[in-house]
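Notes follow once the structure below has been shown.
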Amino acid sequence: MNVKPDFSKNANHAQTAPAFLSVWDMHAYYGESYIVQGISFNVHEGEILALLGRNGAGKTTTLRAIARMDSPQVNHGEIWLDHQPLHKMSSYEAASVGLGLVPEDRRIIPGLTVEENLQLAQIAPPVGWSIERIYDLFPRLGERRSQEGVTLSGGEQQMLSIARALARDLKVLLLDEPYEGLAPVIVDEIEKTLRVIKEQGMTTILVEQNAVRALQLADRAIILDTGSIVFDGSAAEVLENAQLRAEYLAI
């Protein structure tokens, strides 16, 4: 008799360090479609968490639910960020306490320059990420500060989208498919930047179809399958486990 392997032995197990972001028993829907089915996990301060799974597993829905976007509808569960109840907040309120979602479509504002995009996002006065500090992190954006944002290359637009999130003095950065459509050399540059902001204490959740690149960057990985967590453990464990990768990531 063949028994399907169980990779969920580590799922939802709390780590010894206190959680910075906690998701507890979250259920999310798009209309009648039940997408996220009661997931719970913790993210620790300064950690990069890769949220992985096949198409339709619920990854983007999870990010949008944490960010308190109008859709999906979260019908049950709690989300806490640094002791603050995100599940009781609107998307605007969640952003104001330090949560930033960088969506796959980047959403650069037409008609505004690079610097105007950043100025529009920035709180006043900036607490941590001044515009000049952002230009130090993204020199290409500094060189193009007067250029209209939507005329940048795809990679530069992704940089601007991340930079715009940082300008709000984030506590948690949510990245949805940041490498989509980008050349490997640009992916290398963005990865380098994510490592730098991690060194400066940024907490990040990364959804990415390029699972190997995501795992090489991340500290931990959560794998979703049809809206449920099937694995929660170290990124290195996923990289080393061919059966797990084949079962849930098709790599």
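Report whether or not Ile186 is closer than 24 Å to Leu141 by Cβ and either among the hydrophobic types (A, V, I, L, M, F, W, C) or part of a loop (DSSP other than H, G, I, E, B) (or both). First the steps, then the outcome.
Numbers: closer than 24 Å to Leu141 by Cβ: yes; either among the hydrophobic types (A, V, I, L, M, F, W, C) or part of a loop (DSSP other than H, G, I, E, B) (or both): yes.
Judged against the criteria, Ile186 is a match.
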Residue under evaluation Ser71, criteria (1) farther than 26 Å from Val196 by Cβ; (2) modelled with pLDDT of 95 or more, criterion not met: (2)
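Would you please name the residue that is surrounded by the fewest Cβ atoms within 10 Å (Cβ to Cβ), looking only at residues in segment 124-141 that are assigned to a helix (DSSP H, G or I) and not acidic (Asp, Glu)?
In the first step, residues of segment 124-141 are kept if they are assigned to a helix (DSSP H, G or I); the result is 131-137, 139-141.
Narrowing further to those that are not acidic (Asp, Glu): 131, 133-135, 137, 139-141.
On the way: Ile131: 19, Arg133: 14, Ile134: 23, Tyr135: 18, Leu137: 18, Pro139: 10, Arg140: 16, Leu141: 24.
Of everything passing the filter in segment 124-141, Pro139 is surrounded by the fewest Cβ atoms within 10 Å (Cβ to Cβ).
How many residues are in a helix (DSSP H, G or I) and either more than 19 Å from the chain's Cα centre (by Cα) or surrounded by fewer than 16 Cβ atoms within 10 Å (Cβ to Cβ) (or both) if we restrict to segment 110-123?
Kept after step one, since they are in a helix (DSSP H, G or I), are these residues of segment 110-123: 114-121.
From what's left, either more than 19 Å from the chain's Cα centre (by Cα) or surrounded by fewer than 16 Cβ atoms within 10 Å (Cβ to Cβ) (or both): 114-120.
Going through segment 110-123 one residue at a time, the tally reaches 7.
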Unmet criterion (only one of (1) in contact with a strand residue (DSSP E or B) (Cβ under 6 Å, 6 or more places away or on another chain); (2) at pLDDT below 90) for Asn2: (1)
Residue within segment 142-160 that is among the polar types (S, T, N, Q), in contact with a strand residue (DSSP E or B) (Cβ under 9 Å, 6 or more places away or on another chain) and part of a helix (DSSP H, G or I) present: yes
Arg164 vs. criteria surrounded by 21 or more Cβ atoms within 10 Å (Cβ to Cβ) and within 16 Å of the chain's Cα centre (by Cα): yes
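Report yes if Glu240 is out of contact with any Lys or Arg (no Cβ under 6 Å at 6 or more places or on another chain), in contact (Cβ under 8 Å) with a residue 60 or more places away in the chain and more than 29 Å from Ser96 (Cα to Cα), otherwise no.
Details: out of contact with any Lys or Arg (no Cβ under 6 Å at 6 or more places or on another chain): yes; in contact (Cβ under 8 Å) with a residue 60 or more places away in the chain: no; more than 29 Å from Ser96 (Cα to Cα): yes.
Considered against the rule, which asks whether it is out of contact with any Lys or Arg (no Cβ under 6 Å at 6 or more places or on another chain), in contact (Cβ under 8 Å) with a residue 60 or more places away in the chain and more than 29 Å from Ser96 (Cα to Cα), Glu240 comes out as no.
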Candidate set from segment 69-109 (those that are in a loop (DSSP other than H, G, I, E, B) and either among the polar types (S, T, N, Q) or in contact with a His (Cβ under 8 Å, 6 or more places away or on another chain) (or both)); member that is nearest to Glu45 (Cα to Cα): Ser90
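Would you say Ala28 is over 17 Å from the mean Cα position of the chain (by Cα), crowded, with 16+ Cβ neighbours inside 10 Å and at pLDDT 90 or above?
Numbers: over 17 Å from the mean Cα position of the chain (by Cα): yes; crowded, with 16+ Cβ neighbours inside 10 Å: yes; at pLDDT 90 or above: yes.
When the stated conditions are applied, Ala28 passes them.
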Checklist (1) at positive phi; (2) out of contact with any Lys or Arg (no Cβ under 8 Å at 6 or more places or on another chain); (3) touching a residue at least 24 places away in the same chain (Cβ under 8 Å); (4) not aliphatic (A, V, I, L, M) applied to Thr61, failing item: (1)
Complete set of residues in segment 191-206 that are surrounded by 20 or more Cβ atoms within 10 Å (Cβ to Cβ) and either more than 15 Å from Gly100 (Cα to Cα) or in contact with a Phe, Trp or Tyr (Cβ under 9 Å, 6 or more places away or on another chain) (or both): Thr203
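Select, from Ala221, Ala246, the only residue that is without any contact (Cβ under 8 Å) to a residue 12 or more places away in the chain and either over 14 Å from the mean Cα position of the chain (by Cα) or assigned to a strand (DSSP E or B) (or both). Working first, answer last.
Working: Ala221 fails: without any contact (Cβ under 8 Å) to a residue 12 or more places away in the chain.
Exactly one residue qualifies, and that residue is Ala246.
The values are calculated or read from the model by the stated rules, or taken from the named source; none is laboratory data. Everything quoted here is computed from the prediction, not taken from an experiment. Cβ coordinates were reconstructed from backbone atoms using ideal geometry, including for glycine residues, and neighbour counts include every protein chain displayed.
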